[in-house]
Amino acid sequence: MSNHRSSERGVVMSWNVFKFCAGFRFLGSIMILFVISIVAFSYYALVVVNYGPALFIGDLHSLTAFSVLLLFHSLLAMLLWSYFSVVFTDPGRVPSSWRPNIDEERGDTDPLVESAYMGSDLLSNELSASGDQEYRRVRYCRKCNQFKPPRCHHCSVCRRCILKMDHHCIWVVNCVGALNYKYFLLFLFYTFLSTALVTLSLLPYFMAFFADEEISGSPTNLAVSFVAFVLNLAFGISILGFLIMHISFVAANTTTIEAYETKTTPKWHYDLGWRKNYEQVFGTDKRYWFIPAYCDEDLRRMPELQGLDYPIEPEVIALQQL
């Protein structure tokens, strides 16, 4: 009886969480405007108020200002490119024709598909509606009325299944999945570098508030510099935490959802070693590692970049077949 009540509480809790997440869709473009506003404010504080005018002072000040502005604009361009790539790239849609690979004689699914779903807490709610015996171990989304490929999850905000879903991010007003996860990581990377640069560049102006000597510049400009310093410092520290977390996910070839669902699993079957795990996200062409794009060759020969097929550790397959 107590187990039944606990199960009911879990269902209610899960339903409340999804209902709360569904409210994110009403934010829409507001979050995009908020992100652009933060970038614009930082740009105004660094370029317009401080280092732009310093270009015309002469001597070492001009050289320093030129170096800071060149680096900042380069990082800003990569930040915005990565950000809008995440926003406007579909994270991965399940093709309507997709079906799991099933052995018709044995009635078994492909080990890759089976291992991804066995023991999942979501399995009981997403079994195939067809009732066929061979589909008993394959997840089926009743909301989308379709089968779920490996590592796929249903997003209650987007109202559809997302390939290799990591999470729904309110900052990009989009899901982070198989097709835009690299762009999301680059967005975090370039945002951290940009905020670190702005913080270090504005540090002398921040310290000027606590100095005894006379402060140059208008009170308004000093206030703008102070706020921009604090804002970028706060964002830089928080983003660094997210960046480290996602780097660890890439190294283990897992996602935020999978890390939570398989936290007690001794061996993650998609972990092929940090090098291959990294290439599944960033590709094999090093020229494209730090830009939000893939080379055509990687897209042709790496099916994992499309989000439907992922290689599995051979040792794990052997253990499952014992």
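Given points 7 Å out from each Cα along the Cα-Cβ axis, report the ILE36 to PHE84 separation in nanometres with one decimal.
About 0.9 nm separates the two model spin labels.
So which chymotrypsin sites (Phe, Trp or Tyr not before Pro) in the range 39-70 are both in a DSSP loop and have at most 14 other Cβ atoms within 10 Å of their Cβ? Intermediate values should be presented prior to the final figure.
On the way: sites: PHE41, TYR43, TYR44, TYR51, PHE56, PHE66; in loops: PHE56.
Those satisfying the criteria are PHE56.
Going 7 Å from the Cα of ASN145 toward and past its Cβ, which residues in the range 83-102 have a backbone nitrogen under 18 Å from where you end up?
94-99
Given the pairs LYS182/LYS267; LYS143/LYS286; LYS148/LYS267, which are separated by over 28 angstrom at their Cα positions? Present the calculation step by step, with values, prior to reporting the outcome.
Values: LYS182/LYS267 24 Å; LYS143/LYS286 40 Å; LYS148/LYS267 22 Å.
From the list (LYS182/LYS267; LYS143/LYS286; LYS148/LYS267), the Cα-Cα distance tops 28 Å for LYS143/LYS286.
Treat every Asp and Glu Cβ in the range 146-237 as -1 and every Lys and Arg Cβ as +1, leave all other atoms uncharged, and give the resulting dipole magnitude about the Cα centre to the nearest 20 debye. Walk me through the intermediate numbers first.
Numbers: 6 positive and 4 negative charges, 228 e Å.
The dipole magnitude comes to about 1100 debye.
Counting only residues 5 or more places away or on other chains, whose amide H sits under 5 Å from the amide H of ARG93 once H atoms are built in the peptide plane?
Placed amide hydrogens put LEU163 under 5 Å from ARG93.
Skipping prolines and chain starts, which residues have an amide H placed within reach, meaning under 5 Å, of the one on HIS154, given they are 5 or more residues away or on another chain?
Excluding prolines and chain starts, which carry no amide H, the hits are ILE162.
Sticking with the crude label model, points 7 Å out along Cα→Cβ, report the distance from LYS276 to ALA259 in nm, one decimal please.
Between LYS276 and ALA259, the label points sit 2.2 nm apart.
Which residues among the range 70-95 fall inside the zone where the amide N is under 15 Å from a point 7 Å beyond the Cα of ALA54, along Cα→Cβ?
Residues passing the 15 Å test: 70-73.
Treat each spin label as a single point 7 Å out from the Cα along the C-beta direction, and report the PHE209 to LYS267 distance in nm.
5.5 nm
Full-extension gain between ARG300 and SER218, please, as 0.36 nm times their residue separation minus the C-alpha to C-alpha distance. Write down the numbers at each step before the final one.
Numbers: separation 82, 0.36 × 82 = 29.52 nm, distance 5.72 nm.
Additional length available on full extension: 23.8 nm.
In whole Hz and in residue order, list the ³J(HN,Hα) couplings for the range 281-290 that follow from phi through the Karplus curve 6.51 cos²θ - 1.76 cosθ + 1.60, θ = phi - 60°; x for Gly and Pro.
Rounded to whole hertz, the list is 9, 9, x, 9, 7, 5, 5, 9, 5, 10.
DSSP loop (so not H, G, I, E, B), at most 13 other Cβ within 10 Å: list which chymotrypsin sites (Phe, Trp or Tyr not before Pro) in the range 266-312 pass both filters.
On the way: sites: TRP268, TYR270, TRP274, TYR278, PHE282, TYR288, TRP289, PHE290, TYR294; in loops: TRP268, TYR270, TRP289, PHE290, TYR294.
Sparse-neighbourhood loop chymotrypsin sites (Phe, Trp or Tyr not before Pro): PHE290.
In square angstrom, rounded to the nearest 10, how much accessible surface does ASP90 have for a 1.4 Å probe?
ASP90 has an accessible surface of roughly 60 Å² with all protein chains in place.
The values are calculated or read from the model by the stated rules, or taken from the named source; none is laboratory data. Being a predicted model, the structure only gives us computed values, none of them experimental. Cβ: placed from backbone, ideal geometry, glycine included. Neighbour counts: every protein chain shown. Protein only, heavy atoms only, side chains kept; ligands, DNA and RNA dropped before computing areas. Shrake-Rupley method; radii C 1.70, N 1.55, O 1.52, S 1.80 Å.
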